[in-house]
Every structure is written in C-alpha cells, then in structure tokens.
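The values are calculated or read from the model by the stated rules, or taken from the named source; none is laboratory data. Note that the structure is a prediction, hence the values are computed from the model and not measured. We place every Cβ from the backbone using ideal geometry, glycine too, and count neighbours over all the protein chains shown.
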Amino acid sequence: MQIILLERIEKLGTIGDVVTVKDGYARNFLLPNRKALRANDANRKVFEANRARLEAENASRRSDAEKHGETVAGAEVVLIRASSNSGQLYGSVSVRDIVESLNTQGHKIGKNQVILEHPIKTIGLFNVRVALHPEVSVTIKANVARSDDEAELQRKGVDVMAAIFEAENVSSGFTEVQDRSLEPGEIPADMLEDSGEGEA
C-alpha cells in the first residue's frame, strides 16, 4: 500500500514522503495512529493544504522533546533482581520495568518510547534508547544487579560477575588431595582416627 507520511518514521522517511509499506503495517499501525494517509489524489490535496501546519506542529513537538531529552539523557535506573551464580536472571528486565523506574524518578516516559531490542536477562550495565520524538533519541543506563552494593560497584565500572568468578577461582587455602587408588566413598587410612591400636 502506498501512503503519505505525516511524521518521520524510522527506516521509512520524513513528513510528506510517499512510501510503499505492507498493507497490515499501514492498516494496523500507521493509519489508526494518524502517522500516515493513504496515497490518493484527495489525500494528497489535503496533505498539501495542511503541510505548513503539520511541519510547524512537528517542529514544536521536536523542540519540546529536545528539552525533555536534556533531563532524561544519561539517567540511570537501578533494577535489583535475583540471579543465578553465573549472572543469569530468574526472569528478565522488560520495557515496563524500565518505564516504571524512569517514571518513579520523575521522567514522564511511555512504554512505546523505550526501545529495547530484547529483554535483559543478565546482570550488568546496559544502554537503552529512549525515543522522545521520531527525530529525538537519548540513551539511558539500566543497572541490573542483585543488590544496591553490586549496583554501586557496577556504576564505578567494576565487572561484578568477573570479580565473583575470580574470587571463586582463588585458592581458599584448603585443597583436598585425592587418592586415586581408593574406591568412591572410601576414606584414606591416614584420615581414619586412631582405632585403639597399641592398647594391651
């Protein structure tokens, strides 16, 4: 289906561009959300008559988004989650979790503005893109940790999981010597307590 864009759409075009998209994308998303019009003669005339107003409204929304972006850019959300020893989360961090944390901090962000390529499933620091306007995007940090202390370490640049693995691999001073000649579960003779030998 051919459509006329009423705002800039990533990977499609800018205001006034006539582009061809899949029918479902146009009918289910672009047309109902007033992001585009069907490309026919009547709609072209309507668009040209309203072009100056649409461009002015877009410029106004863009400047508002740029101001909002100055406060949101670089924000950090700390998400405390349970995880396995390898750093895999029990569950995942989704767009909703990030939006709730941002809104708690006073940034008014909608779910459709947070662009998360895939859910976060491990501990660490992640860059997340927030699209405040089709032409204005900022990056925030999602700090996923098991505790506030771990989050603080990650904020300072410490790779928490690498530090844990390193600590586990450092010898704790106790090493068990294995006697390969014994059957499984058999106790070496020198570890057995004195069983009364030498008693008369």
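Numbers at a glance
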read-out	value
Pairs, first in contact (Cβ under 8 Å) with a residue 60 or more places away in the chain in the stretch 5-34, second among the hydrophobic types (A, V, I, L, M, F, W, C) and assigned to a loop (DSSP other than H, G, I, E, B), C-beta under 7 Å, six or more apart	Glu7/Ile15; Arg8/Ile15
Residue that is surrounded by the most Cβ atoms within 10 Å (Cβ to Cβ) [pool: residues in the stretch 101-132 that are within 10 Å of the chain's Cα centre (by Cα) and charged (D, E, K, R)]	Lys121
Flag if Arg44 is among the basic types (Lys, Arg) and within 30 Å of Asp148 (Cβ to Cβ)	no
Residue among Gly106, Gly124 that alone is touching a residue at least 24 places away in the same chain (Cβ under 8 Å) and on the phi > 0 side of the Ramachandran plot	Gly124
Residue list for the stretch 77-89, filter: outside any loop (DSSP other than H, G, I, E, B) and loosely packed, with under 14 Cβ neighbours inside 10 Å	Ile80, Gln88
Matching entry among Ala82, Ala73 (being closer than 16 Å to Ser147 by Cα, of a type in the set (A, V, I, L, M) and out of contact with any helix residue (DSSP H, G or I) (no Cβ under 6 Å at 6 or more places or on another chain))	Ala82
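Here is a yes/no grid of residues against (1) modelled with pLDDT of 90 or more; (2) of a type in the set (Lys, Arg):
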| position | (1), (2) |
| --- | --- |
| Lys45 | yes, yes |
| Val72 | no, no |
| Arg81 | yes, yes |
| Gln88 | no, no |
| Val95 | yes, no |
